[in-house]
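Enquirer: Please see the structure below; I have some questions.
All of the numbers you see were taken from the coordinates with simple rules; none came from a lab. Here the structure is a predicted model, which is why all the values come from computation and not from measurement. Backbone-built Cβ (ideal geometry, glycine too); neighbour counts: all protein chains shown.
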């Protein structure tokens, strides 16, 4: 079976086209041009703003011109992650999809169902025989790297006062709230020295972790490769002399790091013992992770000896800082059972000359708790001598149980599926928070199909759930018309 055999046909047709067009965060221009050309082909008004956000204005079905304008909203960028052994260039290669029973996934890469299926559904409304009032199809850019496109929306870009966000990932649920978030970047200066001539290069690589979405998946307490490689290095340093040259790990602020590698120099006679220490520590960590990371492994390899290594004092400061920085759940919600209230992701580390650049991403449904945890991260960085940059946090979305669109979604869901949707808040940043701030009075709800493991190569979407999602979307549009 292939995509063109799935129903609803136009939705999957558009999703297939989206998969053919590279659209990592920051590289959405070609996909944006596809949306504009599609609108032109259909004779529809379309507008692109300075940030790259696109709105397509769709006239109402005949006889429904007086209905309220509905905004269908999604984002056109995707998180680009792949398995280490997969040869894929996200800048030019097509996402290679495959069907496994009721699931659609990609071959060794993220699928981009987050949020390609939501965008495809909005476009399919134009093509399919759907009754609706006036529509604005809003496609934002750079959502996955800080909700940047939504944050740059200008007054007047939207006329509608009712918005359906199509970026949720659980069928049978209506999302009515989300966490806010903010990023911190720590720049730690390092002193380096020439590598002693009697030392040989060695790498310690942590790999095989599941990674995943740093908001949605943080509750599973998966392993963090940066934390694990730091712990291994600390254990090695307690027994052996080793000089670290660099630590690199993580790719995206909103993805839990799956891989990390430290390049170092050591006595060649110690490399075998270093490998034993590293593997024993990983065995201990695997037990602590309770079987969540069955693919976790550490690989110790001889490498070309680095020209420079970090001095002992700087090395200690770097390891202490990475050890001290928080990662994972900080607090659970007192109000909503099972909802993470506050968390942080130790997301990235890379070397920029003589500086270690460390990125963290913090989330909370309570802005004061978000600010407090960000302050703690900043304090740890400053105590270590790092320069700390804190981005202004983006807002969360407070639930409105009296929302008109929520009421319609609940009624339609009960009529079509026999029960009301479960009302939920999500420990992730939905653009509803920012859009609600930009356009006061916007009435909003979020729903979508069943997507698992976004932001990792395990990402997959349940095919039957897409039909249910489509049925709900079109029925709500008809009811609002």
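Enquirer: If you scale each eigenvalue of the Cα gyration tensor by 5 and take the root, what three semi-axes come out for the chain, rounded to whole angstrom and sorted largest first?
Expert: With the √(5λ) rule applied to the chain, the semi-axes are 44, 23, 20 Å.
Enquirer: Follow-up. Only helical DSSP H runs with n ≥ 4 go in: add -39500 (n - 2.57) per run for the chain, normalise by residue count and round the 222 nm mean residue ellipticity to 500 deg cm²/dmol.
Expert: -9500 deg cm²/dmol
Enquirer: Here's something else I'd like to know. Using per-residue counts of other Cβ atoms within 10 Å, averaged over each peptide, order 324-337, 365-378 from highest down.
Expert: 365-378, 324-337
Enquirer: Report relative contact order for the range 75-139 in percent, whole number only (criteria: Cα-Cα under 8 Å, sequence separation at least 6).
Expert: 37 percent
Enquirer: Could you please rank 192, 96, placing first whichever residue has the fewest other Cβ atoms within 10 Å of its Cβ?
Expert: Listing 192, 96 from fewest to most nearby Cβ atoms yields 96, 192.
Enquirer: When ranked by the protection proxy of mean other Cβ atoms within 10 Å per residue, highest first, what sequence do the peptides 287-299, 151-163 form?
Expert: 151-163, 287-299
Enquirer: Same structure again: Rg to Rh for the range 182-390: what is it, with Cα atoms only and Rh by Kirkwood?
Expert: 0.99
Enquirer: Now a separate question. With Rg and the Kirkwood Rh both taken from Cα atoms, where does Rg over Rh land for the range 331-413?
Expert: For the range 331-413, the value is 1.16.
Enquirer: Using only Cα atoms, find the angle between the long axis of helix 9-20 and the longest principal axis of the chain, and express it within 0 to 90 degrees, rounded to the nearest 10.
Expert: 30 degrees
Enquirer: Order the peptides 19-28, 82-91 from the highest to the lowest mean number of other Cβ atoms within 10 Å of their residues.
Expert: Peptide ranking by packing, descending: 19-28, 82-91.
Enquirer: Going by alpha carbons, how many degrees (0 to 90, nearest 10) lie between the helix axis of 463-480 and the longest principal axis of the chain?
Expert: It is inclined by approximately 40 degrees.
Enquirer: A further question follows. Given an 8 Å cut-off on Cα distances and at least 6 residues of separation, report the relative contact order of the chain as a percent.
Expert: In percent, rounded to a whole number, it is 23.
Enquirer: Shifting gears a bit: Expressed as a whole number of Å, what is the distance separating the alpha-carbon centroids of the range 116-178 and the range 312-357?
Expert: With the range 312-357 and the range 116-178 each reduced to a Cα centre, they are spaced 32 Å.
Enquirer: By how many degrees, between 0 and 90 and to the nearest 10, does the Cα long axis of helix 367-383 differ from the longest principal axis of the chain?
Expert: 20 degrees
Enquirer: Right, another one. Report the antiparallel proportion of the DSSP beta bridges in the range 60-202 as a percent, rounded to a multiple of 5.
Expert: 35 percent
Enquirer: Follow-up question, since we're still on this one. Out of the DSSP beta bridges found with both residues in the chain, what percent are antiparallel (nearest 5)?
Expert: Close to 80 percent.
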